[in-house]
Amino acid sequence: MISFEEAEIRAKIIKALSHPIRLMVVDLLKEGEIKFSDICEKFDVDKSTISKHLAILKEVGILSSKKIQKQVIYKLEIPCVIDFFECSTKVIKHNMQRHKTVIESAEGDF
């Protein structure tokens, strides 16, 4: 079993991923480095909102950034975070199948 301290660190990382915009940014960055302005174009929210989401992901080490002239470029620092997405998709599919089975068995009762 992991220690409580390690569990706290993991929870902080998972919490950083717990917003749809942050999940979408991480998915966007899996293709490679992207300028801040290009990230902002993908979302219908203020630049300051995107900046806050990026800062949260940077704080836990998922993203990094570098400044080239006047542009800030973001990079997915830990690409294995995408594995978490694949795992969560498997959970979703499993739950859908489980619910489908429950519904089908309930229909047989009518």
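Give the range 28-42 a look and list any residue that's at pLDDT 95 or above, acidic (D, E) and under 17 Å from C80 (Cα atoms), or say none.
E33
With out of contact with any strand residue (DSSP E or B) (no Cβ under 9 Å at 6 or more places or on another chain), at pLDDT 90 or above and either exposed (fewer than 12 other Cβ atoms within 10 Å of the Cβ) or assigned by TED's automatic domain parsing to the domain that holds I13 (or both) as the only criterion, which of V45, V91, V102 stands out?
It is V45.
Considering the range 56-88 alone, what residues qualify as being at pLDDT 90 or above and polar (S, T, N, Q)?
Those that are at pLDDT 90 or above and polar (S, T, N, Q): S64, S65, Q69, Q71.
Do you know which of the residues in the range 51-82 that are among the β-branched types (V, I, T) and assigned to a helix (DSSP H, G or I) is surrounded by the most Cβ atoms within 10 Å (Cβ to Cβ)?
Here the answer is V81.
For the range 13-42, which residues satisfy the criterion of being exposed (fewer than 13 other Cβ atoms within 10 Å of the Cβ) and farther than 21 Å from Q71 by Cβ?
Answer for the range 13-42, where residues must be exposed (fewer than 13 other Cβ atoms within 10 Å of the Cβ) and farther than 21 Å from Q71 by Cβ: I14, K15, S18, P20.
What pairs come out if I take residues in the range 17-37 that are over 16 Å from P79 (Cβ atoms) and in the same structural domain as S64 (by TED's automatic domain parsing) and pair them with residues that are polar (S, T, N, Q) and assigned to a loop (DSSP other than H, G, I, E, B) whose C-beta lies under 8 Å away, six or more apart or interchain?
none
Do we have any residue at all in the range 83-95 that's outside any helix (DSSP H, G or I) and not aromatic (F, W, Y)?
No: zero hits.
Would you mention how many residues in the range 45-70 are more than 19 Å from L17 (Cα to Cα) and acidic (D, E)?
So the count comes out to 1.
The values are calculated or read from the model by the stated rules, or taken from the named source; none is laboratory data. What you are looking at is a predicted structure, and each value in this text was computed from that prediction instead of being measured. Note that each Cβ is placed from the backbone with ideal geometry, even for glycine, and that neighbours are counted across all protein chains shown.
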